[in-house]
Amino acid sequence: MFFIIFTIFPIYWMLITAFKSFQEIYQVIPKLWPSKLVWQNFLEIFQKYEYGPALWNSFLISIVVSCITIFISIFSAYAVVRLRFKGKRVMPKLFLLSYLIPQTILFIPVYILLSEMNLTNTIWGLLLIYPTMTIPYATWILITYFQNLPVELEEAAFVDGASRLQTILFIVIPPSLPSIVSTYIFSFTICWSEYIYALVVISKKTERTITLALSNMLVADIIPWGPLMAGAVIAALPIMFVYGIASKYIVSGLTLGSVKG
Amino acid sequence: MGRNRGDQNFPLTILWIGLLYLFFIQGYPFFWSIFISLTDQGIGRPGKFIGMDNFIYLFSDRTFWSAIFFTFIYVFAAILLKLLLGFIMALMLHQPLKGRGFFRALLFLPWALPTLTSVLAWRWMLGDVGGIVNYLLMGLKVVTRPVAWLGEPLFARLSVVCVNIWRGTPFFGISILAGLQSISPELYEVAKIDGASAYKRFIHVTIPGVRPVVLLVTLISTIWTFGDFAIIWLMTRGGPANTTHVFSTLSYVVTFQNLDMGKGIAIALTIVPISILLMTATMKYIFQREESTQ
Amino acid sequence: MKKTALIILLVVPLLGSYLWAGGQKEKTEPASVTVWMKKGFVEQQNVEFEKRVNEFAKGKNIKANVELLAYEDIFPKWTAAIQSKNVPDISFFGYQEVGQFSKQGVLEEVTSLIQEIQSKYGKIFTSSTQAVTFGGKTFAIPFWGEGTALYYRKDLFAKAGLSGPPDTWEEFRTCAIKLTDPAAGVYGAGIGYGAGNSDAEWLSRSIIWSMGGAIFSEDGKKIIFKSPETKAAVEFIAGLFVKDKVTPPGAMGWNDAGNNTAYISGQAAMVVNTGSIIKALEKNNPELLKKTGVVVLPRGPAGRFTAGISNNLGIFKDAKQKKIAQELLIYLMEPSWYKEWIAASAPLALPVYEQLAKSEPIWQQEHNKAFMDSMATFKYLGYKGDYTPTAGKIYNLRLINALFENIISKGMNVDAAIDQFVQECQKAF
C-alpha cells in the first residue's frame, strides 16, 4: 500500500504542478492542491516551446523502431530457441554487447558514424541507431518466453503440413502475445524517453523529439516548472494510451495460450 | 526434434541481419572506445598511444575510488529493492482485481515518463522551498527540522538510490508480470490436485516458471544501472563534495568539461569487465535447453 | 542459395533507402551557414537574433541554419561535432570554452577580425577581450556579458530598521543577521552550495578576491590559495552558515535555481545573481519587483570584485564557410542593430561596447544600473593571472563547492579543507 503511494505521489505532484500558476509554484509552503486550475502552462508549452512537432517526431520514431524491433526479435529469438545451427550459444550473448558501454560515451563514435553517412540532424539517423537499444532486450525476453512454449503445438502443425513460417505466424505468435506486447511497450518507452543520442544528432528545431523540447526549456537558472510539468503530463498520455490498447491483447493472449485443443 | 532442413532459412536470416546490424552500428564504437582509452587524446586534439597510463592514473585517484565505491553500493541497493518491489508489484497486478488495467498503466508511469521531468520534480520535492517531502514529514511529526535530502552526503546518496528505485521498479514489475502470465495455469491445477499448499505451489511452480525472466531483467537492469547517468546528474551532479559520483557522471565531467577524452573513456570502460563477468555468470541460467524445466 | 537470396532481398533495399536519404540531404543543402547560439531566457532575444542571421543570409543568397540551444545541452554536441569534424560555422562559447578549445587547437584565430570590428564600430571592454586572448591572439569575439549584482528586499530592510543596502561584506553580514527571522521563515543571506551550483563558485570567488585572496598567482603557474587573506575569507563565508546561521536550512544542497527560488518565494532577503530574476519577476510577479532593489556587490578590504561572465561568438577551424562566418560576425556586431538587440534582454545581457554602456539611457535605469556597473569590476577565472584551462578544470570539478561542503556539511577543519583543496588543484595542472 505504501508502495503505491510512493509510486503515485510524485506523479500526482507533477500533475497538479502543471495546473498551478507561477506564484503558487514558488511558495515556500507547498500546497497539495492548486487553488485554481490554470491552463496557461499547457498553452505555453505548445506555443512557446514547440512541443507539437516534437510529439509527432517522438511518436513516429517510437512506433517505427518498435515495429522493427519486434520483427527482428521475434524471429531471432525463435531461431535461437528452436533451430540448430553453428554458434547458437554464442550469438545471443553477442547481442548484449551493445549494453556494455554507457551511452554517455558511446554516442561520440556513433555520431561520427552517422556523420560519415550524412544522416545527422535527421530522423533517419535516429531510426538507424535506436534499434540497437531495444533489440537486445527484446530478443532476450522473447528467448526466455519461447523456451517456455511447449514444442508439441509446433510439431502438430508440421505434421499437418504447415511451413515453418506459417507455424511461427499462427502457432507461436498468438500465445506469446503478452510477452510480445510488453516487449513492444518497453521498446516504445525506451525510444520515447531517449535523450542523449537525440541531443547529439538533432540540432534543427523541427526535428526535435520531446526529450529535446523539454531540455530546451532549461535555459537559465530559473526553471519553468509549470510548462515543464505540463510537458511531462502530455508525454505520459501516449504511453498510457498505448498501454491501454495493449492491455486488451495481454488478456486475450492468455486465453489463446492454453495448450488444450 | 522436428524439421531441420533449409526451411529454417527465414528466421535464421533475420537473426543474422540483426547481428550484423548491431555489429555494424555498435561494434565499431565499442572498439573505438577501447582504443581511445589507451591514448591521451583530448577533444579535437590528436592523441598518442600511452598504453595503460590512464588507468594507472585513475587507480591512484581518490575521487575515482569514491566513485567506484558508491557505484557498487548504488547498484547493489537499487537492484535488490527493485527486484523485491518489482516482484511484489507483479504479484499484485496478477490478481484479478477491478480496474487492473488502469493500475497497470499508472504504476508503469515512473519508468515511462521522460527522466528529465520526473527527476527534476523529485529534486523539487526534496528541496527546501516548496519541498513537499519535508513538509509532509514535519506535518506528520516524523522529523522536527527539514532534512537536507540533497545537501548531506548520506541523505543525498539515499535520495539518489530512492529515485532510481522509484523509476526502475516498473521495469521489473511489468516484465515479471508477463513472465507470471506465461506460466500455464495447468501446472497450478496439477499441483493443486497433487495436494500442494499455496506456498508449495509458489516455490515449485511460480519461481521456476519466472526464473529466466527474473534473471534476465536483473542482469539487464544491473548493467543499465551501472551506466546510469541522468538520475544522478540531474539530482546532485555527483555532489555534495563528489559523494554521489558514479562512473558515468565522473566520466562525463572529465570528458566533456575537462575535454580529456582518453581518461574519461577509461573511466567508463572500467565497468565493462564487471558487466561481462555478470553476463557470463547469469547466461548459463537464463539460456536453458528445453528439457530442464517442463 | 535461398538464404543468400533472402538476405540480399531484405538488406539491399534497406541500405539503398538509407544511402538515398543521406544523399538527399546533401543534395538539398546549397551553400549555407550554420550558427549555434545559446538560447536566451528572453524570447525576443532569440527571435531577433535568428532574424538578423536570416537577413544576412538572404543578402548573400545562401541558406542560414540557426540553432538555439540550451547551454547545458551544448557540451556533448560540441564534442561530437569536433570529433566528427562536422562543426557549425559559428558557435556561441563561454569564455572558458574559448580558453579550453583554443588550447586544443580547434578555434580559428580572429585577432585581425576583432581589430577590424573595433576600428569600425567602437571599443570593446578590455576585460572582455582579454578573457579570450591568449598569447596575444584572440580566439573569439565577445558578444555580450552577464552582470552579477546583489538583490535585496527594500521592504524587509525598512522593517528591520536598516538604512540601505550593505556596501562592504562585513555590513552584509550584520544586515543578514538583522534580517533573519527563522520563525517567519526568512533568512538574510540566500547563498548555498551544491555540486550543481555554479552560482556559488562565482560568488565565493568574488568574496575571496575582494578580501585579497586568490587561487592563482599572476603568472598562473602557482596555487597561492594558502594565505591568511584567503583563510579569513573562507572563514567569513563558512561563518555565515555555521555561526551566524543566516542562510536557509536547505541551502547546502542548492543547484543554480536554489537562490532564485529562495528569493522569489520570499525565503531569502538578499541574494546574489545575474539579471534572470529581474526578467522573471517582470513577467510573473511585478509586485515583488517593486520591492526589489539591486546594487553592486559589496566590497572587501582589497576592493570590489565580481566574477565575470563573458559570452562570445567564435569560428571553428574546421568550419566550411569561414569567410562568410567572418562577414556574419561583422554584421552581428553592427551597433545600430546590436544596441536594440541587447536592450531587449537588459539586464540579463550587457553590451560589450564601452560607448553603449555609457551613452544609452537603458543602462542607467534603476534595475539595470547595478548590473552594468558590475562589468567594470569583472575578473575572470584564473585570477590573479589570465584564464588557463587549469582554472577552467578547477571550476568544472566544482572544487570550491567541495571545499565549502567539506567545512560546512562535513565539519572539516578549515586548514585541513584548504590543504585538500590545494592538493586537488595541483592535480588539475
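Key figures
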{"quantity": "Checklist (1) of a type in the set (S, T, N, Q); (2) at the interface with chain B (Cβ under 9 Å from one of its Cβ atoms); (3) free of Cβ contacts under 8 Å to residues at least 60 places away in the same chain applied to A:SER73, failing item", "calculated": "(3)"}
{"quantity": "Residue identified as modelled with pLDDT of 85 or more and closer than 30 Å to C:ASN260 by Cβ among C:ASN396, C:ASN368, C:ASN413", "calculated": "C:ASN368"}
{"quantity": "Among residues of the range C:257-276, those that are on the phi < 0 side of the Ramachandran plot, within 10 Å of chain B (Cβ to nearest Cβ), surrounded by fewer than 24 Cβ atoms within 10 Å (Cβ to Cβ) and in contact (Cβ under 8 Å) with a residue 24 or more places away in the chain, counted", "calculated": "0"}
{"quantity": "Hey, B:ILE286 at pLDDT below 80, within 19 Å of the chain's Cα centre (by Cα), more than 8 Å from chain C (Cβ to nearest Cβ) and surrounded by fewer than 22 Cβ atoms within 10 Å (Cβ to Cβ) or not", "calculated": "yes"}
{"quantity": "Some residue of the range A:151-170 being touching a helix residue (DSSP H, G or I) at 6+ places or on another chain (Cβ under 8 Å) and closer than 30 Å to A:LEU55 by Cα", "calculated": "no"}
{"quantity": "Some residue of the range B:226-235 being more than 12 Å from chain C (Cβ to nearest Cβ), surrounded by 18 or more Cβ atoms within 10 Å (Cβ to Cβ) and without any contact (Cβ under 8 Å) to a residue 60 or more places away in the chain", "calculated": "yes"}
{"quantity": "Selection from the range C:111-131 of residues that are of a type in the set (A, V, I, L, M) and within 11 Å of C:TYR353 (Cα to Cα)", "calculated": "C:ILE117, C:ILE124"}
{"quantity": "Listing of helices (runs of 4 or more DSSP H) fully contained in the range A:91-170 that carry 1 or more residues being farther than 19 Å from A:ILE61 by Cα and within 7 Å of chain B (Cβ to nearest Cβ)", "calculated": "A:103-116, A:131-148, A:151-159, A:164-167"}
{"quantity": "Given (1) closer than 28 Å to A:ILE234 by Cα; (2) surrounded by fewer than 22 Cβ atoms within 10 Å (Cβ to Cβ); (3) touching a Leu at 6+ places or on another chain (Cβ under 7 Å), number of the condition B:LEU126 does not satisfy", "calculated": "(2)"}
{"quantity": "Sole exception among (1) over 20 Å from B:PHE172 (Cβ atoms); (2) touching a helix residue (DSSP H, G or I) at 6+ places or on another chain (Cβ under 7 Å) for B:ILE68, by number", "calculated": "(2)"}
{"quantity": "Residue ID - surrounded by the fewest Cβ atoms within 10 Å (Cβ to Cβ), chosen from residues in the range B:141-159 that are within 12 Å of chain C (Cβ to nearest Cβ) and in a helix (DSSP H, G or I)", "calculated": "B:LEU154"}
{"quantity": "Residue list for the range A:65-86, filter: more than 21 Å from A:SER193 (Cβ to Cβ), out of contact with any Gly (no Cβ under 8 Å at 6 or more places or on another chain) and among the small types (Gly, Ala, Ser)", "calculated": "A:ALA77, A:ALA79"}
{"quantity": "Selected residue [under 17 Å from A:ILE4 (Cα atoms), free of Cβ contacts under 8 Å to residues at least 40 places away in the same chain, part of a helix (DSSP H, G or I) and of a type outside the set (S, T, N, Q)] from B:MET138, B:MET92", "calculated": "B:MET92"}
{"quantity": "From the options C:VAL234, C:VAL242, residue that is modelled with pLDDT of 85 or more, surrounded by fewer than 22 Cβ atoms within 10 Å (Cβ to Cβ) and in contact with a Gly (Cβ under 9 Å, 6 or more places away or on another chain)", "calculated": "C:VAL242"}
{"quantity": "Residue tally, condition within 15 Å of C:ASN312 (Cβ to Cβ) and of a type in the set (S, T, N, Q), over the range C:69-124", "calculated": "6"}
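The values are calculated or read from the model by the stated rules, or taken from the named source; none is laboratory data. This is a predicted model, so every value here is computed, not measured. Heads up, the Cβs are rebuilt from the backbone with ideal geometry, glycines too, and the neighbour counts pull from every protein chain shown.
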